[in-house]
1. If a residue has to be buried (at least 24 other Cβ atoms within 10 Å of the Cβ) and among the hydrophobic types (A, V, I, L, M, F, W, C) to count, how many in region 349-367 make the cut?
2. Six or more apart or on different chains, Cβ under 7 Å: which pairs go from a residue in region 179-194 that's more than 22 Å from PHE111 (Cβ to Cβ) to one that's in a helix (DSSP H, G or I)? Could you list them?
3. Considering only residues that are part of a helix (DSSP H, G or I) and free of Cβ contacts under 8 Å to residues at least 12 places away in the same chain, which ones fall in region 464-478?
4. Would you point out which residue out of TYR92, TYR85 is under 18 Å from GLN135 (Cβ atoms) and assigned to a helix (DSSP H, G or I)?
5. GLN54: not in a helix (DSSP H, G or I) and not hydroxyl-bearing (Ser, Thr, Tyr), yes or no?
6. So how many residues does region 376-393 have that are within 12 Å of SER215 (Cβ to Cβ), touching a strand residue (DSSP E or B) at 6+ places or on another chain (Cβ under 7 Å) and of a type in the set (A, V, I, L, M, F, W, C)?
7. Scan region 320-338 and give yes if some residue there is free of Cβ contacts under 8 Å to residues at least 12 places away in the same chain, loosely packed, with under 15 Cβ neighbours inside 10 Å, over 30 Å from ASN164 (Cα atoms) and outside the structural domain of LEU19 (by TED's automatic domain parsing), otherwise no.
8. So in region 42-53, with the set limited to residues that are surrounded by 12 or more Cβ atoms within 10 Å (Cβ to Cβ) and not charged (D, E, K, R), which one is farthest from SER177 (Cα to Cα)?
Amino acid sequence: MNVLFAASECAPFIKTGGLGDVIGALPQALHKKGANVSVILPNYGDLPLHFKEQMQWFKSIEVPVGWRRQFCGIEKLQYQGITFYFLDNEYYFKRHGSYGFGDDGERFAFFSRAVLEALPYLEERPDIIHCHDWQTGLIPVHLKAHYENNPNYQGIKTVFTIHNLRYQGVYPKAVLSDLLDLSELYFHMDALEFYGGVSYLKGGLAFADCVTTVSSTYADEIQTPYYGERLDGFLRKRGAVLHGIVNGIDNESYNPKSDENLFLPYDDYKGKSFNKKHLQETLGLPINADIPIISMVTRLVDQKGIDLILHVFHEIMGLDVQFVLLGTGDQQYEESFRHFEETYPGEVSANLYFDEALARQIYAGSDLFLMPSQFEPCGIGQLLALRYGTLPLVRETGGLKDTVNPYNEITEEGNGFSFANYNAHELLNTIERAVALYRFQPSKWNNLVNRAMNLDYSWSSSSQKYLKLYQDLLKSDK
């Protein structure tokens with residue numbers, strides 16, 4: 001079985017968030033299970049030079065973008081057993097950054113069409129094209145609209161994965177003819193039309209043979225008005241082909257026993273204590289094993305429940321804890337945490353940037369990891385926290401609900417802490433319970449930590465589910 005992943009980012013080449021982690025790890029997991037997987041990406045100007053120097057040029061083609069034809073160079077790179085293809089056009093991709101440009105609609109219209117135009121020249125003809133998020137949502141549309149009768153494309157199936165429904169790639173109706181070479185027949189409620197505009201993401205939902213998202217709870221949630229981002233009705237209509245498969249993490253990359261970013265690799269609570277001491281020292285916090293460190297490694301946006309934390313922050317600090325933040329985002333949130341750092345010197349460390357090594361040191365050295373998200377398709381932070389023995393405290397939504405089992409004080413089951421409603425005082429009450437357990441029942445806390453570190457949230461199980469989904473799709477034609 002040949003599977004081609006089409007995405008806008010992939011670790012370690014280019015990564016802005018969880019999507020990059022998924023595309024970096026899932027193909028590897030599928031490869032280990034016998035699938036022949038390759039990945040196709042834009043050749044961004046920001047790609048590290050040492051990767052660019054390893055790429056092999058092997059073809060240039062022309063790609064139709066509406067009424068024009070644009071140059072596209074195809075380069076390839078073998079990396080950890082996977083073939084990566086990079087589609088090159090300097091006008092679209094030789095710039096600093098991946099997204100957020102005024103011409104993103106044209107850039108990813110080009111990329112989606114270029115993926116299909118490149119297929120006849122790839123080493124292996126794909127049986128499945130697995131598309132990810134709105135940047136590749138047009139691939140299933142173009143495959144049906146422009147290539148359905150081309151023998152080179154017969155029998156190719158498409159899977160479209162929603163990583164975050166909030167980001168949809170919506171553009172004016174004019175893009176239909178200007179960029180996509182599509183007629184008015186594609187502008188209706190069961191195709192690309194979205195409140196008078198054209199939604200690239202909806203194209204993937206409408207035309208892919210199968211739709212997935214990154215947790216089973218999120219798959220249910222997005223079929224309701226609260227989480228559905230005005231697509232809940234359409235998703236209910238597509239419910240028969242919508243599947244939720246939880247993301248995993250790369251257990252080899254994120255391994256506390258061998259992670260070179262840590263102050264000391266470890267495999268139990270004792271080694272974790274050493275990392276906590278050095279994290280406190282590095283961040284200028286008083287070194288005290290009895291004070292719990294509450295941490296967040298996050299984008300500072302409303303989705304992540306930052307408002308809840310701000311609302312009860314003084315009460316949280318009244319519990320005699322240390323608070324460590326790493327991340328960037330909305331200016332108002334950054335200013336709030338700067339203020340808290342000034343208000344609580346020696347108790348709050350607000351690191352308003354991103355650093356991968358420090359992130360791992362925080363996962364290793366803190367005690368409690370906060371993710372009180374308003375919504376969370378899957379979330380990777382809680383999985384990394386568990387891997388490093390930091391107990392997650394989450395709101396019960398999306399993948400957080402699917403991966404964090406709340407601690408039961410009677411049966412002592414569970415692997416973290418959770419609360420149900422998007423309510424600041426429910427968050428505070430849950431933090432109070434967790435801090436009390438840490439402070440007054442250390443042996444139970446240590447057992448929880450050791451249990452968390454032995455959980456398996458690798459890609460092994462999830463990749464098997466994707467493999468079965470691919471196999472079922474290919475069987476459906478026979």
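The values are calculated or read from the model by the stated rules, or taken from the named source; none is laboratory data. It should be emphasised that the depicted structure is a prediction, and the values quoted were computed from it without experimental measurement. As a convention, Cβ positions derive from the backbone with ideal geometry for all residues, glycine included, and neighbour counts pool all protein chains shown.
1. 2
2. Between residues of region 179-194 that are more than 22 Å from PHE111 (Cβ to Cβ) and residues that are in a helix (DSSP H, G or I), the close pairs are ASP190/ALA206.
3. LYS468, ASP472, LYS475
4. Going through TYR92, TYR85 in turn, just one is under 18 Å from GLN135 (Cβ atoms) and assigned to a helix (DSSP H, G or I): TYR92.
5. yes
6. Qualifying residue count for the region: 2.
7. no
8. Of all residues in region 42-53, those surrounded by 12 or more Cβ atoms within 10 Å (Cβ to Cβ) come to 42-47, 51-52.
Narrowing the set further to residues that are not charged (D, E, K, R) leaves 42-45, 47, 51.
Values: PRO42: 23, ASN43: 26, TYR44: 26, GLY45: 28, LEU47: 32, PHE51: 36 Å.
That would be PHE51.
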